[in-house]
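Trainee: Handing you this structure, nothing more for now.
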Amino acid sequence: MKRPTDYPTPTLVLGALVLVVVVGLVVASSTSSASFGAYNGAWDGTSKLRGIATDRGAEPLVAHDTAAYSRVSPNETVAVILSPGGNYSATDRERLRRFVRRGGTLLVAGDYGPETNRLLSALGTDARLDGRPIRDDRRRYRSPSMPVAENVSNNSLVANVSSLTLNHGTAVVPNNATVLVSTSEFAYLDTNRNRQLDDNETISSLPVATVERFGDGRVLVVGDSSAMINSMLDRTGNREFVRAVVADNRTVLLDYSHTSRLPPLALAVLVLRESPLLQLLFGGGCLALVFAWAQRPDPVRRLWSSARSRLDERTTRLTGERATERSPVEPPEMSEAAMIAYLRDQHPDWDSARIRRVVATHRDERSK
């Protein structure tokens, strides 16, 4: 078996370059920098959500299509939708409703955009998002726009939750839903978004998380999707809130069906996992490639040898090295005829005169 030092420098350089490119492509296509991305490990990603699910003994399942709701056991699954984008079709909405009616838990978190309320309305839930920013000058984290909601109800769902820290969130209008967490009595809705309390704005305790029954399941609504991002899960109460929602469920379904936050490679793997036919075709293709490479017919070998020789020549011209120093000539005990035969096999694109010049040069160098 050849050692790395047995290969010529141009081959090693080419191999290193190919390795760097391949690794770069794999990393770029398997990670994401999008906010709320499940494969984004930065502060604004949600990769820690998958970690919390695993810590609780649940399987995190990233869904790129609402058909995933039909492949899980509802009464053992928590589904999470963060900052829903786009309109869910009638089929999508029916899949979500069926999932919850049959015992599933659905957590929907949003903030200012209208998409969250559209989804809640389509599902038929009572709770809605207010849409105006919450501020609290007293109970806050870094600024009034990051209120710490410490009024936690005695609902068993949040028995181990001490607070919930928001990050530019909004209030939840519960209607007939049960309030789980509220802000302090010093919070207010910044109606005109001027970042200060005006005469027409009133301080009061505002709901930020609710739960309501829906068939045999339940729907939780949180007024801030970014409360679940990686940096906010390190805040007191936020991680405990997610752990409480996950509870003893066996699956945590992260719904990314209406977003482009999935990296290409991750999406390809998800699609492959869901299709037995694609798995069969992919496996068969890999076996065919391995078999074809093992056989390596003469045209393929000649093409490979030609590519290597051209690379050797280019590198020789660039570095100023002599061709004899890069020619794969065997030890001097070989006869002239054997060396000619060896070079003809290694470089089928060389003519006879060139081969004889290389052999003669090599023998002259060895004789010095």
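The values are calculated or read from the model by the stated rules, or taken from the named source; none is laboratory data. It should be emphasised that the depicted structure is a prediction, and the values quoted were computed from it without experimental measurement. Neighbour counts are summed over all protein chains in view; Cβ atoms, including those assigned to glycine, are modelled from backbone coordinates with ideal geometry. Note: areas computed on protein heavy atoms with side chains; ligands, DNA, RNA excluded. Shrake-Rupley method; radii C 1.70, N 1.55, O 1.52, S 1.80 Å.
Trainee: Which residue, of 37, 57, is at pLDDT 90 or above and in a loop (DSSP other than H, G, I, E, B)?
Mentor: 57
Trainee: Follow-up question, since we're still on this one. Which members of segment 78-101 meet the condition of being under 15 Å from residue 249 (Cβ atoms) and more than 21 Å from the chain's Cα centre (by Cα)?
Mentor: Correct list: 99, 100.
Trainee: Here is a further query. Output the qualifying pairs, or none if there are none: Cβ atoms under 6 angstrom, residues six or more apart or on different chains, first residue in segment 70-87 and buried (at least 23 other Cβ atoms within 10 Å of the Cβ), second residue small (Gly, Ala, Ser) and part of a helix (DSSP H, G or I).
Mentor: Close Cβ pairs (under 6 Å, with a partner that is small (Gly, Ala, Ser) and part of a helix (DSSP H, G or I)) amount to 82/225.
Trainee: Against the conditions (1) farther than 15 Å from residue 222 by Cα; (2) open to solvent by 60 Å² or more (accessible area, probe 1.4 Å); (3) at pLDDT 95 or above; (4) not in a helix (DSSP H, G or I), where does residue 195 fall short? Just the number, please.
Mentor: Among (1) farther than 15 Å from residue 222 by Cα; (2) open to solvent by 60 Å² or more (accessible area, probe 1.4 Å); (3) at pLDDT 95 or above; (4) not in a helix (DSSP H, G or I), the lone unmet condition for residue 195 is (3).
Trainee: Only residues that are more than 14 Å from residue 207 (Cβ to Cβ) and part of a strand (DSSP E or B): list them for segment 132-156, please.
Mentor: 133, 135, 140, 148 - these are the residues of segment 132-156 that are more than 14 Å from residue 207 (Cβ to Cβ) and part of a strand (DSSP E or B).
Trainee: Do we have residue 213 as under 21 Å from residue 229 (Cβ atoms), over 30 Å from the mean Cα position of the chain (by Cα), in a strand (DSSP E or B) and not hydrophobic (A, V, I, L, M, F, W, C) here?
Mentor: It is false that residue 213 is under 21 Å from residue 229 (Cβ atoms), over 30 Å from the mean Cα position of the chain (by Cα), in a strand (DSSP E or B) and not hydrophobic (A, V, I, L, M, F, W, C).
Trainee: Sticking with this one: Quick one: what pairs do we get from segment 159-177, first residue closer than 15 Å to residue 139 by Cβ and of a type in the set (S, T, N, Q), second open to solvent by 30 Å² or more (accessible area, probe 1.4 Å) and in a strand (DSSP E or B), C-beta under 8 Å, 6+ apart or different chains?
Mentor: Pairs found: 162/152; 163/152.
Trainee: For residue 213, indicate whether it is in contact (Cβ under 8 Å) with a residue 60 or more places away in the chain and open to solvent by 50 Å² or more (accessible area, probe 1.4 Å).
Mentor: Here the answer is no, as residue 213 does not meet what is asked.
Trainee: Also, quick follow-up: Within segment 42-54, track down each residue that is in a helix (DSSP H, G or I) and touching a residue at least 40 places away in the same chain (Cβ under 8 Å).
Mentor: 47, 48, 49, 50, 52, 53
Trainee: Restricting segment 102-123 to residues that are closer than 26 Å to residue 250 by Cα and more than 26 Å from the chain's Cα centre (by Cα), which is surrounded by the most Cβ atoms within 10 Å (Cβ to Cβ)?
Mentor: That would be 120.
Trainee: When residue 90 is evaluated against the numbered criteria (1) crowded, with 17+ Cβ neighbours inside 10 Å; (2) under 20 Å from residue 122 (Cα atoms); (3) among the aliphatic types (A, V, I, L, M), which criterion, by number, is the only one it fails?
Mentor: Of the numbered conditions (1) crowded, with 17+ Cβ neighbours inside 10 Å; (2) under 20 Å from residue 122 (Cα atoms); (3) among the aliphatic types (A, V, I, L, M), the odd one out for residue 90 is (1).
Trainee: Still on this structure, I have one more. Go through (1) part of a helix (DSSP H, G or I); (2) over 19 Å from residue 115 (Cβ atoms) one by one and return the number of the condition residue 200 breaks.
Mentor: Only one criterion is unmet by residue 200, namely (1).
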